[in-house]
Amino acid sequence: MNSSPLAALAGQIAAGESSPEKAAADACAAIDRAAVLNAFIQITEKRAATDIERAEQLIDSGNSPLGGVPVAVKDIICTLETRTTCASKLLAEFTSPYEATVTGLLAKAGAVVVGKTNLDEFAMGTTGEHSAFGATRNPWDRQRVPGGSSSGSAAAVAARLVVAALGTDTGGSVRMPAAYCGICGIKPTYGMVSRRGLVAYGSSLDQAGVFASAAADLRIVLAAIAGHDPGDSTSRPDAGLAETVLPENLNGIRIGVVEQLFGQGVSDEVAGPVRAAIGQMQQLGASIVKLEIESIRHAIPAYYIIACAEAASNLSRFDGIRYGSRASGEDIEQVIMRSRSQGFGAEVKRRIMLGSFVLCHGYIDAYYRKAQQLRRKLIDEFASAFAQCDLIAAPAAPTTAPRLGEFGDDPVRMYGQDVCTVPANLAGLPALSIPCGFAAGLPVGLQLIGAKMSDALLLDCAQVYQGKTDFHLQVPPEYQ
Amino acid sequence: MAVQDWQMVIGIETHVQLATRAKMFSSAPAAWCEQPNLQANELDFGMPGTLPVANQAAVDMAVRFGLAVDARIATVSEFARKHYFYPDLPKGYQISQFEHPIINGGLITVADDDDQFAVRLVRAHLEEDAGKLTHDMRPGKSLADYNRAGLPLLEIVSEPDLRSARQAAAYGRTLHKLVRWLQICDGNMQEGSLRFDVNVSLRHNESDPLGTRCEIKNLNSFRFVEQAIENEAARQAQLLEAGESIIQQTRLFDTTSGQTRAMRSKEDAQDYRYFPDPDLLPLRIDEQTIEKIRRGMPELPDACRQRYIDQYGLSPYDAGVLSAERGLATYFDEVARQCPDAKLAANWVAGDLLALCNSAGTTPAKAPVTAAMLAGLLSRIADQTVSGKMGKEILAKMWQSQKPADEIIEGEGLSQISDAGQLQEVLATIIEKNPKQVQQYQAGKHKLLGFFVGQAMKETGGQANPQQLNELAKRMLDEQK
């Protein structure tokens, strides 16, 4: 049951049955009606008007892969003619003087940015609750979280407010909310999409990713934004999504099943549908290889040490001096201290402190360097695994969407939710999450992890799977 | 005991601003700009989401330096972040190199009049400069200018091999000359293109362990380097002689009082939390690139000076003057190549040409009289078409008109009269007209030779070959006896 809502909408626009302007207006009206989800921080009318004008020209010239469709962008990606808040009080009024490469490419492909979506402040969070603009709600159950940190982008696509949205994924921030919200989300190979203009959290882990309801749409958007950017030193020279002929089945595909990705708190209600999906892929022609990747046991601590170290460093620039809200003080030191104390939320402060600590003289060997060694080992183990299989199938999250406030004052338990997703970030691998079932009415996500630059293969497999299943066609009852 | 009873041990960290067009990691122009914040882009302001890209030109310049001082060039080096909060540091960290610098080791030979010594280098690494804060322009406000933020710096770290303030200043001058020679720095001291951090400690003998050191930061002239070291050494000697110990600290040199004062001590030193910059891949330089840069290296100042002595037979002093600056040496080399007499070329380049350049505020490379033109003039002097004295006038005219020497000589009929017959005729007339002087000369007043030569010169409009004239006059007067 392959579908492509994006291509369908672009087709309507091309055929004159709709227009970029009408599609944007429809999206804005839907966003308005779904205000209770708190998925958006801003509706970007001015920006959308610019994009619409451009899209119309592109459509006329027959050169618009994204055909004037409205999209949403996580509010941690710098865009012109909008604010870029990172869901932080510190940047509540911040406007970037330049445009991110990735959104520039979106606009150049004919997309219309209708809004900037809610997130965990500076992308630090697993639930979407740590936002200065309030928590985002899950369209399947408003008492539950949509997952984070790209909470608003996931909720917006799940509620069918937009056909596609951009997120960022440092430790699972695209795949986890995709799983909780019953949609598709891809984190490309590290270096596939430019990071220029993504407000950095963990620079060695961050990648922009895409949300859509169908894998076919992930492919269309990813093709538009992937590519080498000389302005990003970590961008791959070979970045770009290869065009492939979609196979009819999974014949010859070797799927690795890594037991470590089913351990550590993965609930039965999630493991069940995921194993069933693997079974279905086997029926579609894939073979199964059982594998061990020992270092996955240490992925969570290694990830939180590296990500926090980089975050503490990356967030040093927010001193209230050149931009952002500035507190008053007696001297320079006090101005900086108060601006940061008042501007950052609790979770951000926690990670800055953790990250500063692991880089301190006397501790860096025990923490940061040790974590880097583990990361190296994990990369090597993944490399040997991919000598034996083409992709690894696993849960995207250990549970279905938690309730709002479920983790309360226990950040470490929240960090545990990242157990299935952080290994791909640490190893720089492409990974996606697609719906593969429901447990007690809540969506379950199947994660596919591939070797570096196998993004197209992952999308092929996801599309073949979606050709035979309809989990991705399910829409939350209120938003049908 | 006094300061002379102590041995100074000095090591210097030099920040050399590399003469690239763009900044170290941003594409903003690196040129000097009076207007604040005009030469800074979003990266230099530390805007969220901006990313650094290493400037290959700066990397190549670091390699040039490394090759010039015979250092090891790291084929893989690493950029690291150095963290501290200060409003002139836009990202809250400086991108520098820490564990794996691009240049390791190296040696600089310093020749200071009567003293020649070698200074070992520890390393040299690439980093970006910070912005500039001004606190006294507006009451109660500090102003931040980020034009300087992100400029490429090569920090050159010496071993503590220097033993006097004078040696330290001479090392600074040698480095200044070398980086200009390599064309990796404009050497403009006023604009801070070279800045020195000086580490000073005292001990009694070479064999003693190193004493506790103090670092004097940010000295931007050789004179200040010398003064600051003298002052700091005296301060330390006084403390040590009073039985007190030196506290390791960073000090500032007050250029008005000539004193150093404490800035911060080691106890409150910051933890910079260095770690590899995840925005930048390890910096790789392959052997081919190093070879290519090696092939493009100019002859170095020391080799050039030695060559002038060996090849042209110049005195060490003249060789030193002509190799003081690369543009001058290039100019001289070209003149010497086209002129039959290298010593003549050396005298004219180091003498008249440099004097003209200095008074016109220009350099040999930009002088209106090119090396080829000067060589043309010197050829006419060497073949005695014109005298040296006439040559000076012709050079002045060449400077004004930019015409070649031959054109001026011909156009103004300036060529020297070396025809013995013609000169004899002139002299005969003068001798005839001045019998009294002839008598006096013959009576032993030989000074009067000058009178006859002068008269003949006047008669020929200064064009007589002076040497020939002298000889002829002497002979003819003697013959009159």
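The values are calculated or read from the model by the stated rules, or taken from the named source; none is laboratory data. Computed from a prediction, not measured in an experiment: that's the story for all the values here. Quick reminder, even Gly has a Cβ in these numbers, built from the backbone with ideal geometry, and neighbours come from all protein chains shown.
Is there a residue being within 24 Å of B:VAL453 (Cβ to Cβ), among the charged types (D, E, K, R) and not in a helix (DSSP H, G or I) anywhere in segment B:375-398? Checked segment B:375-398: at least one residue is within 24 Å of B:VAL453 (Cβ to Cβ), among the charged types (D, E, K, R) and not in a helix (DSSP H, G or I). Counting only strands (runs of 3 or more DSSP E) that sit wholly inside segment B:15-125, those with at least 1 residues that are within 14 Å of chain A (Cβ to nearest Cβ) and within 28 Å of A:GLY197 (Cα to Cα) are B:80-83, B:93-96.
Looking at segment A:170-224, which of the residues that are within 14 Å of chain B (Cβ to nearest Cβ), part of a loop (DSSP other than H, G, I, E, B) and hydrophobic (A, V, I, L, M, F, W, C) is farthest from A:THR103 (Cα to Cα)? Only one residue fits best here, namely A:LEU205.
The residues in segment B:401-416 that are part of a helix (DSSP H, G or I) and over 22 Å from B:CYS339 (Cα atoms) can be counted, and the count is 1.
Scanning segment B:214-259 for residues that are among the charged types (D, E, K, R) and either in contact (Cβ under 8 Å) with a residue 24 or more places away in the chain or buried (at least 19 other Cβ atoms within 10 Å of the Cβ) (or both) gives B:GLU215, B:LYS217, B:ARG223, B:GLU226, B:GLU230, B:GLU232, B:ARG235, B:GLU241, B:ARG251. Are any of the residues in segment A:287-305 surrounded by 15 or more Cβ atoms within 10 Å (Cβ to Cβ) and within 14 Å of another protein chain (Cβ to nearest Cβ)? The answer is yes; a qualifying residue exists. Considered as a group, the residues in segment A:333-348 that are surrounded by fewer than 15 Cβ atoms within 10 Å (Cβ to Cβ) and touching a residue at least 60 places away in the same chain (Cβ under 8 Å) include one that is farthest from the other protein chains (Cβ to nearest Cβ), and that residue is A:ALA346.
Taking the condition modelled with pLDDT of 95 or more, within 14 Å of chain A (Cβ to nearest Cβ) and within 25 Å of B:ASP254 (Cβ to Cβ), does B:LEU194 pass? Even if it seems obvious, please write down each step before you answer.
Details: modelled with pLDDT of 95 or more: yes; within 14 Å of chain A (Cβ to nearest Cβ): no; within 25 Å of B:ASP254 (Cβ to Cβ): yes.
Considered against the rule, which asks whether it is modelled with pLDDT of 95 or more, within 14 Å of chain A (Cβ to nearest Cβ) and within 25 Å of B:ASP254 (Cβ to Cβ), B:LEU194 comes out as no.
Sort out which residues of segment B:417-448 are basic (Lys, Arg) and either more than 19 Å from B:GLU471 (Cβ to Cβ) or part of a loop (DSSP other than H, G, I, E, B) (or both), and write them in order of number. Hits for segment B:417-448 are B:LYS433, B:LYS436, B:LYS445. Considering B:ASN37, B:ASN41, the condition of being surrounded by fewer than 23 Cβ atoms within 10 Å (Cβ to Cβ) and on the phi > 0 side of the Ramachandran plot is satisfied by B:ASN37 alone. Scan segment A:384-393 and tell me whether some residue there is modelled with pLDDT of 95 or more and under 22 Å from A:ALA307 (Cα atoms). No, every residue in segment A:384-393 fails to be modelled with pLDDT of 95 or more and under 22 Å from A:ALA307 (Cα atoms). Applying the criterion of being in contact with a strand residue (DSSP E or B) (Cβ under 7 Å, 6 or more places away or on another chain) and within 14 Å of chain B (Cβ to nearest Cβ) to the residues of segment A:85-118, the residue that is surrounded by the most Cβ atoms within 10 Å (Cβ to Cβ) is A:ALA87.
Counting only helices (runs of 4 or more DSSP H) that sit wholly inside segment A:374-480, those with at least 1 residues that are touching a strand residue (DSSP E or B) at 6+ places or on another chain (Cβ under 6 Å) are A:422-427, A:455-468.
What's the total number of residues in segment A:349-375 that are buried (at least 21 other Cβ atoms within 10 Å of the Cβ) and either over 28 Å from A:LYS89 (Cα atoms) or in contact with a Leu (Cβ under 7 Å, 6 or more places away or on another chain) (or both)? So that I can check it myself, show each step before the final result.
From segment A:349-375, those buried (at least 21 other Cβ atoms within 10 Å of the Cβ) are A:351-352, A:355, A:358-359, A:367-368, A:371, A:375; that's our starting set.
Okay, now just the ones that are also either over 28 Å from A:LYS89 (Cα atoms) or in contact with a Leu (Cβ under 7 Å, 6 or more places away or on another chain) (or both), so A:352, A:367-368, A:371, A:375.
Of the residues in that region, 5 qualify.
A:PRO230 falls short on exactly one of the conditions (1) under 29 Å from A:ALA164 (Cβ atoms); (2) in contact with a strand residue (DSSP E or B) (Cβ under 6 Å, 6 or more places away or on another chain), and that condition is (2).
Is it true that B:ALA149 is touching a residue at least 24 places away in the same chain (Cβ under 8 Å), part of a helix (DSSP H, G or I) and surrounded by 22 or more Cβ atoms within 10 Å (Cβ to Cβ)? Against the criterion (touching a residue at least 24 places away in the same chain (Cβ under 8 Å), part of a helix (DSSP H, G or I) and surrounded by 22 or more Cβ atoms within 10 Å (Cβ to Cβ)), B:ALA149 does not qualify.
Identify, from the list A:VAL199, A:VAL114, the residue that is within 16 Å of the chain's Cα centre (by Cα) and either of a type outside the set (Val, Ile, Thr) or at pLDDT 95 or above (or both). Quick ask: steps written out before the conclusion?
On the way: A:VAL114 fails: within 16 Å of the chain's Cα centre (by Cα).
Going through A:VAL199, A:VAL114 in turn, just one is within 16 Å of the chain's Cα centre (by Cα) and either of a type outside the set (Val, Ile, Thr) or at pLDDT 95 or above (or both): A:VAL199.
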